[in-house]
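Peer 1: Have a look at this one.
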Amino acid sequence: MNFVEVFAAGEHPDQRALLEAAASDKAAAGLPADFIAALFGAAVPEDLKPYKPAEIAALAARSYAHLAARKPAAADIQIYNPAGGKDSGLAAITVVEIENDDMPFLLDSVTGELSELHLGIRLAVHPIFAVERKDSGALEEWRGLAKDGKKKHRESFIHIHVERIDESRHATVREALRQTLEDVRICVADWPTMLEYADEVIDGLQRKSNPLPEEELQEAVSFMKWLRDGQFTFLGCRDNGVLGSGDSLSLEPLYDSGLGILRHRDIRVLSRAGQPVATTPELREFLKLPLPVIVTKANLRSRVHRRTHMDYIGIKRFDKSGALTGERRIVGLFTSPVYRESVFKIPYLRRKAAFVLDHAGFAPESHSGKALANVLEAYPRDDLFQVDRDTLLKNAVAILQLEERPRIRVLARRDRFNRFVSVLVYVPRDRYTSEIRTRIGAYLAQAYQGRVSAYYPYFPDGPLTRVHFIIGRDSGETPNPPRAELEAGIAAIVRSWHDEFAAALLTGFDPAKARDIDAAYSSALTAAYREAYSPVEAVADIKVIENLSKEKPLAINFYREGAADRKSVNLKVWNCERPLPLSERVPLLENMGFAVIDERTYLVEREENAGGTVWLHDMTLQRADGEEIDAEALDARLEAALMAVLQGRAENDGFNGLVLYAGM
């Protein structure tokens, strides 16, 4: 059942009622009876809720007027801020509307461009209309939604609501969309010719004049046929001729051969130090090696289909005598099935995978052999196309070892030509958050003197989360920090309060006692307590708490934080019997000459068999006369005096102030 049938069947009665009311509104006068339903019938129901029937009718009337004329073989883009009062749903949006010939990649390319412009989408519909137009482009007849399978007179109509933007930005948005849609148009128009280009590449690889190893050529042919059979979205092709030799070897574009986005003479898919180039050291080295194909990432991001760096495939070209004459360049995007298909079935990758299994030393049917195969299947697919087989072997074995002993692991692959660093980071799943990911990315960007170009989180079964970072670089030699240093830096980022607490326990107790304390207190120390005190302070508190009992339920400590004002001092009071209300504490302290400035109470909620709840009162005090407090000299005397009063061994009266004022 398609959405029209769903709508007609009344599966969304509220939406149907809303659109029927809109069709009956006076603003809809003159519109075809079913135009509003055809335009908005496929909208997500909640996206239409902010609008009243009259507002939907007004939007539809403007859309129908937009249909009135369009230049043949071109997109017509309309951007406007609809009128509406402050209570109107229209007051919060800008409408982006595109009328175009029906073709692939339109909606995803448009939404990708809007996302690139940081415009949040609030509603998006994309009906395909059947229309009749005059040669001039004027609308002759609107025939409703185009039926499946009927190709004539089909037009794409994209209607999107984005968050309101100032009219001064409309021209910029329109131009960005125009360029994107132009890329889509030429890619779709040249699609058949680009497939023929791929066929020519395959024929060239099969020529007997090729001087490269037969095994390499056969795999390259299989790879190109695999791409040709639907595994690759072709966005551009162009030949490049070879100039010079040795270290001066370079490639020059043969512009007349350009197809798709590479029709444009000013487009370079590679760059060096931020500047577009035709040849890189990587390509120069490839041209010297006995390999027919190179697969890497272009510096240029696609505007068609998916907003990501395009995949770059270079194929050597030889003349009849076997001399290298150039490179055939194809750029585009691997299709989504490539990321699901087994690595052992994909030409070009299957040989890398076989190398890893052969050299890892595990029997294929053993547990480790099967686990290693799973590691390769889950390895970031884009990186798998680029990584050399020796690095892949090293990384795959390191990942396999994480199954035996999970830990923080950083596996970095520096691009030999300083364009980027690919970094696989494994961290405990229970520590991973978007904030942690951002901090790790910033740390890696600093370590490699670059920027975070992309990141891809992955959540496999088990206790670890993997994040694949791409750290882009513009110039200079890429730093090469030791793995241990990177792992230590990331460990510090993901280290939790409890990690530091467990380490601090080992400095205050023997290992067996530390384990018992950890078990008793890990859940007893509340979030508020952990926010207020460091793990080292917690261990000091626990040493006090462990000495409390029914016979000795109370403990106190005057202390001063390192950078605290010398006119203030803090007092901690622990009690394992009951909380001490302020009405009891404040008079005692005032008789000692203090003014209570601040007070916080925390619970240490131990199990009953571990000693039960302890109340900790932490107070900030100042002398009543505002003078400095010599805490170091008076600490023991103040504690003795206060404890004597709390235990009833001394009177609670003004004479207690002599301890603070006279040091008695």
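The values are calculated or read from the model by the stated rules, or taken from the named source; none is laboratory data. A quick note: this is a predicted structure, and the numbers were derived from the prediction, not measured. No Cβ is skipped: glycine too gets one built from the backbone with ideal geometry, and neighbour counts run over all protein chains shown. The area values use the complete protein model at the heavy-atom level, side chains included, leaving out ligands, DNA and RNA. Shrake-Rupley method; radii C 1.70, N 1.55, O 1.52, S 1.80 Å.
Peer 1: Within region 379-405, track down each residue that is basic (Lys, Arg), assigned to a helix (DSSP H, G or I) and over 23 Å from the mean Cα position of the chain (by Cα).
Peer 2: Arg389, Lys394, listed by residue number.
Peer 1: Which numbered condition in (1) modelled with pLDDT of 90 or more; (2) under 24 Å from Asp474 (Cα atoms) is the only one that Leu300 fails?
Peer 2: (1)
Peer 1: Which residue is farthest from Ala124 (Cα to Cα), if the candidates are limited to region 63-97 and must be touching a helix residue (DSSP H, G or I) at 6+ places or on another chain (Cβ under 7 Å) and polar (S, T, N, Q)?
Peer 2: Ser88
Peer 1: Of all residues in region 258-267, which are part of a helix (DSSP H, G or I) and either of a type in the set (D, E, K, R) or surrounded by fewer than 14 Cβ atoms within 10 Å (Cβ to Cβ) (or both)?
Peer 2: Arg263
Peer 1: Same structure, new question: Go through region 440-485 and count every residue that is of a type outside the set (D, E, K, R) and not in a strand (DSSP E or B).
Peer 2: Of the residues in that region, 23 qualify.
Peer 1: Filter region 184-195 down to the residues that are open to solvent by 20 Å² or more (accessible area, probe 1.4 Å) and either among the acidic types (Asp, Glu) or in contact with a Lys or Arg (Cβ under 8 Å, 6 or more places away or on another chain) (or both) and list them by number.
Peer 2: Selection gives Leu195 alone.
Peer 1: Can you tell me which condition Val569 does not meet? The list is (1) open to solvent by 80 Å² or more (accessible area, probe 1.4 Å); (2) under 21 Å from Ala538 (Cα atoms); (3) assigned to a strand (DSSP E or B), and all the others hold.
Peer 2: The failed condition is (1).
Peer 1: What number of residues in region 26-84 are open to solvent by less than 30 Å² (accessible area, probe 1.4 Å), charged (D, E, K, R) and either under 39 Å from the mean Cα position of the chain (by Cα) or under 22 Å from Glu167 (Cβ atoms) (or both)?
Peer 2: 1
Peer 1: Here's something else I'd like to know. Has region 150-166 got at least one residue that is hydrophobic (A, V, I, L, M, F, W, C), closer than 16 Å to Phe40 by Cα and outside any strand (DSSP E or B)?
Peer 2: So far as region 150-166 goes, no, none of its residues is hydrophobic (A, V, I, L, M, F, W, C), closer than 16 Å to Phe40 by Cα and outside any strand (DSSP E or B).
Peer 1: Which one of these is under 18 Å from the mean Cα position of the chain (by Cα), closer than 22 Å to Thr308 by Cβ and surrounded by fewer than 19 Cβ atoms within 10 Å (Cβ to Cβ): Arg431, Arg451?
Peer 2: From the options Arg431, Arg451, the qualifying one is Arg451.
Peer 1: I'm trying to understand the selection: among the residues of region 572-598, which are open to solvent by 50 Å² or more (accessible area, probe 1.4 Å), part of a strand (DSSP E or B) and closer than 19 Å to Tyr529 by Cβ?
Peer 2: Within region 572-598, Asp598 is the sole residue that qualifies.
For (1) buried (at least 18 other Cβ atoms within 10 Å of the Cβ); (2) part of a helix (DSSP H, G or I), each residue gets a yes or a no:
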{"residue": "Glu175", "(1), (2)": "no, yes"}
{"residue": "Glu182", "(1), (2)": "no, yes"}
{"residue": "Tyr197", "(1), (2)": "yes, yes"}
{"residue": "Glu200", "(1), (2)": "no, yes"}
{"residue": "Lys225", "(1), (2)": "no, yes"}
{"residue": "Glu252", "(1), (2)": "no, no"}
{"residue": "Asp256", "(1), (2)": "no, no"}
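Peer 1: Whether any residue in region 489-499 is under 13 Å from the mean Cα position of the chain (by Cα) and either open to solvent by 20 Å² or more (accessible area, probe 1.4 Å) or modelled with pLDDT of 95 or more (or both) is what I want to check. Even if it seems obvious, please write down each step before you answer.
Peer 2: Kept after step one, since they are under 13 Å from the mean Cα position of the chain (by Cα), are these residues of region 489-499: none.
Checking region 489-499: not a single residue is under 13 Å from the mean Cα position of the chain (by Cα) and either open to solvent by 20 Å² or more (accessible area, probe 1.4 Å) or modelled with pLDDT of 95 or more (or both).
Peer 1: Name every residue in region 424-447 that is touching a residue at least 40 places away in the same chain (Cβ under 8 Å), out of contact with any strand residue (DSSP E or B) (no Cβ under 7 Å at 6 or more places or on another chain) and closer than 19 Å to Arg414 by Cβ, in order of residue number.
Peer 2: Correct list: Tyr443, Ala447.
Peer 1: I'd like the full set of residues that are in contact with a Phe, Trp or Tyr (Cβ under 7 Å, 6 or more places away or on another chain) and free of Cβ contacts under 8 Å to residues at least 40 places away in the same chain, limited to region 42-89.
Peer 2: Selection gives Ile56, Ala60, Gly89.
Peer 1: Turning to a different aspect of this structure: Say whether the condition of being of a type in the set (Val, Ile, Thr), closer than 26 Å to Arg301 by Cβ and open to solvent by less than 70 Å² (accessible area, probe 1.4 Å) is met by at least one residue in region 140-161.
Peer 2: Yes; the residues of region 140-161 include at least one that is of a type in the set (Val, Ile, Thr), closer than 26 Å to Arg301 by Cβ and open to solvent by less than 70 Å² (accessible area, probe 1.4 Å).
Peer 1: Looking only at residues that are open to solvent by 20 Å² or more (accessible area, probe 1.4 Å), in a helix (DSSP H, G or I) and touching a helix residue (DSSP H, G or I) at 6+ places or on another chain (Cβ under 8 Å) in region 328-354, which one is farthest from Gly260 (Cα to Cα)?
Peer 2: Ala354
Peer 1: Considering region 528-561 alone, what residues qualify as being without any contact (Cβ under 8 Å) to a residue 12 or more places away in the chain, open to solvent by 70 Å² or more (accessible area, probe 1.4 Å) and not in a loop (DSSP other than H, G, I, E, B)?
Peer 2: Once the filter is applied, which keeps residues that are without any contact (Cβ under 8 Å) to a residue 12 or more places away in the chain, open to solvent by 70 Å² or more (accessible area, probe 1.4 Å) and not in a loop (DSSP other than H, G, I, E, B), region 528-561 yields only Glu531.
Peer 1: Could we say that Gly361 is surrounded by fewer than 14 Cβ atoms within 10 Å (Cβ to Cβ) and touching a Pro at 6+ places or on another chain (Cβ under 6 Å) here?
Peer 2: On the way: surrounded by fewer than 14 Cβ atoms within 10 Å (Cβ to Cβ): yes; touching a Pro at 6+ places or on another chain (Cβ under 6 Å): no.
In short, no.
Peer 1: Could you check how many residues of region 297-327 are over 19 Å from Gly244 (Cα atoms) and either open to solvent by less than 10 Å² (accessible area, probe 1.4 Å) or not in a strand (DSSP E or B) (or both)?
Peer 2: Total satisfying the criteria: 13.
Peer 1: Within region 85-112, which residues are open to solvent by 10 Å² or more (accessible area, probe 1.4 Å), under 30 Å from the mean Cα position of the chain (by Cα) and polar (S, T, N, Q)?
Peer 2: Selection gives Thr111 alone.
Peer 1: Glu477 fails exactly one of the following numbered conditions: (1) modelled with pLDDT of 95 or more; (2) over 21 Å from Leu384 (Cβ atoms). What is the number of that condition?
Peer 2: Among (1) modelled with pLDDT of 95 or more; (2) over 21 Å from Leu384 (Cβ atoms), Glu477 violates only (1).
Peer 1: So which residues in region 227-249 are exposed (fewer than 15 other Cβ atoms within 10 Å of the Cβ) and either touching a Lys or Arg at 6+ places or on another chain (Cβ under 7 Å) or among the aliphatic types (A, V, I, L, M) (or both)?
Peer 2: Within region 227-249, just Leu243 meets the criteria.
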